[in-house]
1. Within the accessible area of the range 44-83, what % is carbon and sulfur when the probe is 1.4 Å and the other protein chains stay in place?
2. Which value, in Å² and to the nearest 10, is the accessible area of Met351 when all protein chains are kept and the probe is 1.4 Å?
3. Can you give the extra length, in nm with one decimal, that the chain gains between Arg17 and Asp71 once fully stretched, where that is 0.36 nm per residue apart less the Cα-Cα distance?
4. Can you give the convex hull volume per residue for the Cα atoms of the range 352-477, as a whole number of Å³?
5. At a probe size of 1.4 Å, how large is the accessible area of Thr146, to the nearest 10 Å²?
6. Of the cross-linked pairs Lys256/Lys446; Lys66/Lys350; Lys83/Lys350; Lys195/Lys368, which ones have a Cα-Cα span greater than 25 Å in the structure shown?
7. Any chance you could look up the accessible area of Ser460 with a 1.4 Å probe, heavy atoms only, rounded to 10 Å²?
8. From the square roots a ≥ b ≥ c of the eigenvalues of the alpha-carbon gyration tensor of the chain, which class results: rounded (a/c under 1.5), prolate (a/b over b/c), or oblate?
Amino acid sequence: MIRNYDKLIFELSKEGRVGYSLPKSEFDGCCMCSELPANLCRESLPILPEVTEFDVVRHYTNLSNKNFGVDTGFYPLGSCTMKYNPRINEEMAAHPAFAGLHPDAPTCSAQGALEIYYNLAQALSEISGLASFTLNPYAGAHGELTGLMIMRKYHILRGDLKRTKVIVPDSAHGTNPASAAVCGLQIVEVKSTPKGTVDVEDLKPLLDDTVAGIMMTNPNTLGIFETEIPEISRLVHECGGLLYYDGANLNAVLGKCRPGDMGFDIMHINLHKTFSTPHGGGGPGDGPVGVRAGLEHLLPNPQVKKGADGIFYLDADNASAGYVSNFLGNFAVIMRAYTYILTLGRENVKMVGPLAVLNANYVKESLKEEYYLPIEGVCKHEFVFDGLVDKSTGVTTLDIAKRLLDYGYHAPTIYFPLLFHQSIMIEPTETESKETLDEFIGVMKKVACEAIENPDVVKSAPHSTPVRRLDETTAARFPKTTYRQMKG
Ligand SMILES: *Cc1c(COP(=O)(O)O)cnc(C)c1O
């Protein structure tokens with residue numbers, strides 16, 4: 001067990017100190033090995049820190065204070081929609097009538113939960129303009145895989161077995177090509193124009209009878225609205241392919257326009273972005289998948305349906321793409337998202353997109369003298385700078401991100417999208433106040449100023465965090481998470 005005050009790491013363990021008490025053994029003899037099979041017994045005692053209960057409480061409380069989350073500060077992480085997670089969502093998700101329900105409970109005793117699942121699916125249909133939704137996938141990438149399985153199944157059921165190519169724009173989120181590969185499809189890249197939208201001229205020669213479909217994000221990961229969708233939809237459908245919409249971030253278009261109306265056939269939504277459920281650290285999410293009318297039978301099994309008698313039931317008799325999860329998605333996440341939609345109501349849902357877009361444009365316009373904006377014009381919910389305008393200082397995007405930590409901000413997304421060398425992708429979301437945005441703008445300007453006047457302070461940041469710059473690859477691949485490893 002370690003403590004880190006003033007960058008000084010020192011041992012808390014003191015021989016003989018204990019933080020537990022165990023009841024007296026009921027067995028004869030002092031060695032429990034007499035009751036356990038020999039092969040299950042340790043050969044030597046484990047190496048554990050010897051500390052009091054109070055030491056443990058302090059240690060973990062201090063660690064938790066070092067955590068940064070959307071509840072502690074501004075978190076402008078592009079493509080992640082780190083909006084406020086309303087507390088009422090938590091209350092509803094913890095409601096014992098739902099939280100205590102066994103996932104295998106018979107449908108007759110789970111009618112309330114099935115109704116919530118059904119209602120949320122209906123709300124998503126209305127928001128997206130698609131006919132039917134499954135809430136079963138557990139994450140955005142899982143939704144993509146589910147959607148692509150549906151796309152494949154669609155072609156297979158028609159006997160169209162040649163269609164194994166999926167077209168993905170060069171600006172796409174990394175999960176798009178990854179999901180296509182996992183689904184056994186080949187990825188063909190389509191280029192972006194200098195305006196940041198999909199290049200229709202580059203797309204045309206790619207379209208033939210081996211194309212299963214195209215995956216698009218709109219607004220795309222540059223925060224630019226794709227204006228050529230009607231033409232792209234016509235071209236892809238004419239060649240026999242389907243259009244997949246990556247709706248992980250629906251924030252910008254929520255209540256304003258609908259993927260179904262744009263001509264998309266299949267889409268996924270991240271409840272853990274647009275619909276305010278907490279995320280990060282790989283925590284639970286949910287990636288509902290919707291399809292247009294005529295593709296409902298391809299949604300994964302089981303589907304939640306409502307009988308003529310108003311009773312909800314599970315239908316697993318579809319020619320579907322198969323099962324993608326053991327149960328009906330992450331139910332606590334579904335509860336939170338449903339609460340969010342009901343709390344906002346039909347009218348206020350329409351305010352989310354415009355406010356998210358306003359906040360993003362406000363930050364972008366306020367900073368474009370100091371940070372290089374490769375694509376001019378109105379953005380949607382997020383935007384990308386290509387490093388500082390003044391490149392002579394040698395200060396990189398990584399340096400800027402690290403310096404922001406000193407000022408108490410979570411860094412924006414960096415080096416993504418891959419279209420620019422020094423990408424900084426900022427998504428403020430609609431839930432931040434003008435004061436918070438102004439403070440962030442002030443700090444970003446200050447860092448740009450420091451880059452010129454005192455570049456070393458930026459290049460050597462962070463200065464105020466418990467640890468400085470880490471070897472991020474090693475930290476991720478060989479994390480030292482146990483006491484024993486720290487000792488070794
Ligand atoms: C976040 C995101 C995803 C992936 O979602 P996960 O839940 O992290 O798997 C896919 N596409 C886009 C555009 C995203 O922003």
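The values are calculated or read from the model by the stated rules, or taken from the named source; none is laboratory data. Note that the structure is a prediction, hence the values are computed from the model and not measured. Please note: Cβ atoms are built from the backbone with ideal geometry, for glycine as well, and neighbour counts cover all protein chains shown. We work out accessible area using only protein heavy atoms, side chains counted, and drop any ligands, DNA or RNA first. Shrake-Rupley method; radii C 1.70, N 1.55, O 1.52, S 1.80 Å.
1. Carbon and sulfur atoms account for 59 percent of the accessible area of the range 44-83.
2. The value for Met351 is about 100 Å².
3. 15.9 nm
4. Dividing the Cα hull volume of the range 352-477 by its residues yields 119 Å³.
5. Accessible area, nearest 10 Å²: 0 Å².
6. Pairs exceeding the cut-off: Lys256/Lys446; Lys66/Lys350.
7. Looks like 50 Å² after rounding.
8. Cα axes put the chain in the oblate bin.
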